[in-house]
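Trainee: The structure that follows is given in the form of structure tokens.
The values are calculated or read from the model by the stated rules, or taken from the named source; none is laboratory data. All values derive from a computational prediction rather than experimental measurement. Cβ coordinates were reconstructed from backbone atoms using ideal geometry, including for glycine residues, and neighbour counts include every protein chain displayed. Protein only, heavy atoms only, side chains kept; ligands, DNA and RNA dropped before computing areas. Shrake-Rupley method; radii C 1.70, N 1.55, O 1.52, S 1.80 Å.
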Amino acid sequence: MHKSQLAGFIIDCKTEDLPAAAEFWSAALGLDREDSNDPDDENYVLLKNRPGDVHIEVQKVDHPSRLHLDIEADDIEAEVRRLESLGARRLGPIKRWVVMEAPTGQRFCVVKPIRKNFESTANSWD
């Protein structure tokens, strides 16, 4: 058995100025920025929200700008296999997550749990 749920939305921005992009989305959504000192996070800016809300971050990318969602799971590989059985396609691992593509072409990621309410609200799968 494993658990999973919607983790949040990632705002992919094809830009050379991530701070300006993050500032726009921060102001547009009314969410404060939470900058990280971790070098692994240099292409990401988290937008703060209320506990239990979905995770929202701004990401600097090389592909065209778009939105994508993350599904959080306590067993990433089990969730990837479950989604493959539903018709999704594994595109490959990146850092600590797996990029996938829905049967209709949308890309999404399977990530480790992010939201504080994961244990109490995630779906359980056999």
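Trainee: So the check is Cβ under 7 Å with 6+ separation or different chains; which pairs have a first residue in segment 6-17 that's open to solvent by 80 Å² or more (accessible area, probe 1.4 Å) and a second one that's of a type outside the set (V, I, T) and not in a strand (DSSP E or B)?
Mentor: K14/D62; K14/H63; K14/P64; K14/S65
Trainee: Next up: Could you check segment 63-96 and list, in sequence order, the residues that are modelled with pLDDT under 95, open to solvent by 80 Å² or more (accessible area, probe 1.4 Å) and over 11 Å from C109 (Cα atoms)?
Mentor: Across segment 63-96, the qualifying residues are P64, R66, L67, K95.
Trainee: (1) over 20 Å from K95 (Cα atoms); (2) open to solvent by less than 60 Å² (accessible area, probe 1.4 Å): which one isn't true of W25, the others all being true?
Mentor: So W25 meets the others, but not (2).
Trainee: At least 1 residues that are in contact with a Ser or Thr (Cβ under 8 Å, 6 or more places away or on another chain), within 20 Å of A102 (Cα to Cα) and not polar (S, T, N, Q) in each: list the strands (runs of 3 or more DSSP E) lying fully within segment 1-88 that qualify.
Mentor: Qualifying strands (runs of 3 or more DSSP E): 2-13, 66-73.
Yes/no per residue for (1) in contact (Cβ under 8 Å) with a residue 12 or more places away in the chain; (2) among the charged types (D, E, K, R); (3) within 30 Å of D17 (Cα to Cα):
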{"residue": "D75", "(1), (2), (3)": "yes, yes, no"}
{"residue": "G105", "(1), (2), (3)": "no, no, yes"}
{"residue": "F108", "(1), (2), (3)": "yes, no, yes"}
{"residue": "A122", "(1), (2), (3)": "yes, no, no"}
{"residue": "W125", "(1), (2), (3)": "yes, no, no"}
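Trainee: Based on this model, can you work out whether S120 counts as more than 13 Å from the chain's Cα centre (by Cα), hydroxyl-bearing (S, T, Y), closer than 19 Å to S4 by Cα and not in a strand (DSSP E or B)? Walk me through it before giving the result.
Mentor: Details: more than 13 Å from the chain's Cα centre (by Cα): yes; hydroxyl-bearing (S, T, Y): yes; closer than 19 Å to S4 by Cα: yes; not in a strand (DSSP E or B): yes.
Spelling it out, S120 is indeed more than 13 Å from the chain's Cα centre (by Cα), hydroxyl-bearing (S, T, Y), closer than 19 Å to S4 by Cα and not in a strand (DSSP E or B).
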